[in-house]
1. What's the extension gain from ILE45 to ASP164 if we count 0.36 nm per residue and subtract their Cα-Cα distance?
2. Suppose each label sits 7 Å from its Cα in the direction of the beta carbon; what would the ARG368-ALA248 distance come out to in nanometres?
3. At a threshold of 8 angstrom on Cα-Cα distance, excluding pairs fewer than six apart, so keeping six or more, what relative contact order does the chain reach in percent?
4. Of the DSSP beta bridges with both residues in the chain, give the percent that are antiparallel, rounding to the nearest 5.
5. Only Cα pairs within less than 10 Å get springs; with that Gaussian network setup on the chain, which residue of ALA172, ALA254, ALA86 has the largest fluctuation?
6. Report the label-to-label distance for SER145 and GLN266 in nanometres (one decimal), using points 7 Å from each Cα along the Cα→Cβ vector.
7. How many lysine pairs are close in the chain, with Cα atoms under 19 Å apart and the two 8 or more places apart or on different chains?
8. How long is the gain from ARG138 to ALA95 if the chain were fully straight, where each residue apart is worth 0.36 nm and the alpha carbon distance is subtracted?
Amino acid sequence: MLKHLGRVNAIRALEARLLLPLVLASLGGCASEPLIPYSLDAPSIVLVPVSLAGVKDKRARFREIFCAVLEARKDTIPDHRPCEGALTKVGSEPAAAHDPVSLGPSRRRLMALVVPGFGFDCFENWLEPPGTVAAHLRKFGYDASFIRVEGLSSTLRNAGQIHDTLMARPEAGAEPDLVLIGYSKGVNDVLDAIVTYPEIRKRLAAVASIAGSVGGSPLANDFEQDLAEWLRYFPGAECARGDRGAVASLQPAARQKWLVEHSLPQDIPYYSLVTLPEEKRVSWLLRGSYKKLSRIDPRNDGQVLFYDQVIPGSTLVGYLNADHWAVAVPIARTHGTIGKLVVTQNAFPREALMEALMRFIEEDLDERQSPQLR
């Protein structure tokens, strides 16, 4: 068959030219300068427990839902993992209510609109995401799709693209059905969009963050936009330079300044799902950046510190025992050689995770409308 499709396109262009020098040394994981330079220009900040930051802790309920979904789908979805190995337990979780978990069809028929992270459009064609998460969600009345943004552009530019996509969609019926989910830098694009364009908020049922760089990443302090633009030479890349603001948008001082200057609107509920892996769950390719961030705090996912992933005033959904890529980017499923050699901890039950997150959000939205239900 055409020499087996050109030996599967010359083993996917020699696995993307050996992963474009190991994804540019894992996006800045090898330098030795201080991760956070001394500066008095950044806003005054404090690190406090989530309960003192206006964050509602509902990890116990998400654990019940996620565990129920994992058990029910263990024979039908890939990369199954026992519940205790899929979640990271941090401190003491609130007591579980032990309420039954509904695994039937969605009443609200929520749709997840996912805004991907840094540079995604540069390697999306190579990755060939299988679309199994959306296919799985549709079995239960949910749905999912991407919102296209520019992976090398700033949050402000991408916020405009999110606005245009949402305004081009038909308006919902009696209640909004869209859950806007930001992954990694995508959550910064999302938050900028809902603040800058208030007209989109009436279309949204909720906003969620998965491994979001809400507070930025110290790695961005030691990484240049010029280097990031080498991602445009990834085989099959269709990304443009855009406004060249992606790296600057990820710097912690810039993110903290943005949070100080922009109050998040309170007419939308926010949810934060954090990646916090055991060290053995970090892929080889992310070990350099993981160790570099560990100079600040070993509780990181290889790209972002765990406390920088929480939206102020949000509901804390849970901590996942997965690194930054495993939770959302199925590299090992579509590129087995790369998975075996360098992206060694990429397996995670993403289908079950998204189903559990959508069920959790739907239940929480119902409770907000009718608190007496719980």
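Bear in mind these aren't lab numbers, they're just calculated from the coordinates by the rules spelled out. Everything numeric in this text was worked out from a predicted model, so none of it was measured. FYI the Cβ positions are ideal-geometry reconstructions off the backbone, even for glycines, and counts take in every protein chain you see.
1. Gain in length upon complete extension: 39.5 nm.
2. 3.4 nm
3. Relative contact order comes out at 24 percent.
4. About 5 percent, rounded to the nearest 5.
5. ALA172
6. 3.3 nm
7. Working: LYS56/LYS89; LYS58/LYS89; LYS74/LYS139; LYS89/LYS280; LYS185/LYS257; LYS280/LYS291; LYS280/LYS292; LYS280/LYS340.
Within the chain, the lysine pair count is 8.
8. Roughly 12.3 nm would be gained on extension.
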